[in-house]
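Some notes on the structure that comes next.
The values are calculated or read from the model by the stated rules, or taken from the named source; none is laboratory data. What you are looking at is a predicted structure, and each value in this text was computed from that prediction instead of being measured. Quick reminder, even Gly has a Cβ in these numbers, built from the backbone with ideal geometry, and neighbours come from all protein chains shown. Please note that ligands, DNA and RNA were not included when accessible areas were found on the heavy atoms of the full protein model with its side chains. Shrake-Rupley method; radii C 1.70, N 1.55, O 1.52, S 1.80 Å.
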Amino acid sequence: MTDSVKMDLRSQDLLGERIQQLKELFPEVFTEGKVDFNRLKQALGENLDTERERYGLSWAGKSEAIKNIQTQSHGTLLPVPEESVNFDSTENLIIEGDNLEVLKLLQKSYHGKVKMIYIDPPYNTGKEFIYPDNFREGLDDYLQYSGQLNGEGIKLSTNSETDGRYHSKWLTMMYPRLFLARNLLKRDGIILVSIDDHEMKNLQALMDEIFGEENHIGTIVWRRSISSNDAERHFSNDHEYILAYGRSIDSTFKGIPKSGNEYSNPDNDPRGPWKKSVLVCSKNRYERPNLYYPIQDPKTGTVYECNPNLVWAYEPNMMKQKIEEGRIIFPSDPSGKPSLKLFWNELRSHFKPVSSFVDKQEGFEFALTSAGSKEISEIFGGKVFLYPKPTVVISKLVEVTTGDGDIILDFFAGSGTTAHAVLNMNSTDGANRKFILVQLPEPTDQEDYPTIADITKERVLRVISKLNDDDQNKLDFDGKKQDRGFRVFKLTSSNFKIWDGNGASTDRAQLEQQLNMFTDNLVPGRKPLDILCEILLKAGYPLTSKVNKVTAGAQEFYAVDEGLLLICLEKEIQKETLQTMRELEPVQVVCLDVAFQGNDQLKTNTVLEMKSHKIIFHTV
């Protein structure tokens, strides 16, 4: 019984969750826990594509990329208060580590919470794109790369155009990261990805597959330089692209249309003027079977079938919500077509993708790559980072996609331009947007800043210092103090010893010795804050959760989320402490496994008592 209360210290099991979703939809296709594909074919009927050749993106290494998504991480994010600013109060994060592992670890805590993602990934030019030769992406590889694990380290090399897998290697690197990033976006969230001509077409095909072609909002073209050496050979290569995709059809940019003359309010809808809009999207029933279903007029009972070549714009649950809210207009003639009420005051218009977007739009007059280089040189008093994006570009993207309280994620953080842009926008409009940066500690040739992650942290620190000096820490916006800080975390191995059955000895004496080492499963040298943060992460709570310390007699425990989660890190827990925690009626209680000191009876009684009070009890 006691084994069942152990908390899973691995990252979210994405494959297991998707299989469970399939089981809920098609329980009849499972046999002894496995998918019977013959039954699945029968269940899907006409929606199953059995043709050998079909449209899609494929490359050497795609299966490896998918395996990387499915492999769970045993790592954790170690807090580093001494490198942070306002660690105890800020909600901004700078995470040092491999972004694939970090994205896996953020799945539980930040699923569906990020409003905007902006990334400027390494362009596949054959020079800057560095990758592990062995392609076994994982925590051990990263620990070797960052010097946290003994060994020769991971050999890195550039991706040459003469390599037969030139494009494939880049796609294998990008696919799992974009897949995991999508999970973190809110339903109306937006992702923006910078790219140049080398991988533009492949990136768009990749994002069409992951986010859905129908969620491609547009492609922004921005001018990065005045001229280019390439002009002597072909055309002037003075531009780059920013691909914009939504998490769903609800993902839109802020803005208002130029004219509202076509909006009226004939039925005096309290939500204001509206106009009719289409309720279908240009996909067929085979491409989007989840959008092909009948809907019913709740007043007349008339059922409307969807056109097989133009499926509904919303999934069934969202369509049901729209109908209940009176946003669907059903025709008086049963042969007509339902439509959508589009309200003027709720409308958000998309960016118009134009070639002169950056250098002709207001606020983008100096948005060239050289401006970004000049900007960071002024911050550091010298050249420390090559070709950063100009802050003005990211600031505009932040402005038109986010508002107060929104989270912005950049998992190719580079020099920290995204955080700079967020802090600038908050200073301008008084909002408190939050940022999460992830950056690999890639070595540099800078003595003062040995890794790019060091540059990231230092830039954000200097930007905060300057903003504070400019306004002298005054409460400029209705008494609301700006969040000008960041918590630093570093990717590392778990605070808890992970049993590896493959490494278990076949010799009885040696096996017994190995098991004895796991009597206390805590890694030596880890601090209570380290352990607390890992439990928060694995329990699905944000790393910036408010935590209060509670005293129970001679012992202490932590209350998270106004007491819904209680965590005790005592190595020998007392009955009085358990009783106090139980009386506070939390939803979950987490204790160290070693806290019961081998007293299985106490542990079993605790499990039963917590269960009788409808409290979920875990040990780690």
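Things to note:
- The phi-based Karplus calculation (6.51 cos²θ - 1.76 cosθ + 1.60; θ = phi - 60°) puts the 3J(HN,Hα) values of the stretch 94-107 at 10, 10, 9, x, 5, 5, 5, 5, 5, 4, 5, 5, 8, 4 Hz, whole numbers, x for Gly and Pro.
- For the listed peptides 582-592, 412-422, a ranking on the average number of other beta carbons within 10 Å per residue, highest first, reads 412-422, 582-592.
- Chymotrypsin sites (Phe, Trp or Tyr not before Pro) restricted to DSSP loop in the stretch 514-580 with at most 14 other C-beta within 10 Å: PHE518
- For LEU409, the residues 5 or more places off, or on other chains, whose built amide H falls under 5 Å of its own are MET116, ILE117, TYR118, ILE436.
- Number of Lys-Lys pairs in the stretch 527-620 with C-alpha atoms under 19 Å apart and a separation of 8 or more places or on different chains: 13.
- Here the 3J(HN,Hα) profile of the stretch 264-278, calculated from phi with Karplus coefficients 6.51, -1.76 and 1.60 at θ = phi - 60°, is 8, 9, x, 9, 6, 4, x, 7, x, x, 8, 9, 6, 9, 5 Hz, Gly and Pro shown as x.
- Ordering 182-188, 62-68 by mean Cβ neighbour count within 10 Å, with the highest value first, yields 182-188, 62-68.
- Protection proxy ranking, highest mean first, for peptides 5-12, 299-306: 5-12, 299-306, where packing is the per-residue count of other beta-carbon atoms within 10 Å, averaged.
- By accessible area with a 1.4 Å probe, ligands and nucleic acids excluded, highest first: order of TYR118, TYR449: TYR449, TYR118
- Across the protein chains, with a 1.4 Å probe defining accessible surface, the residues GLU101, GLU442, GLU96 rank GLU442, GLU96, GLU101 from largest area downward.
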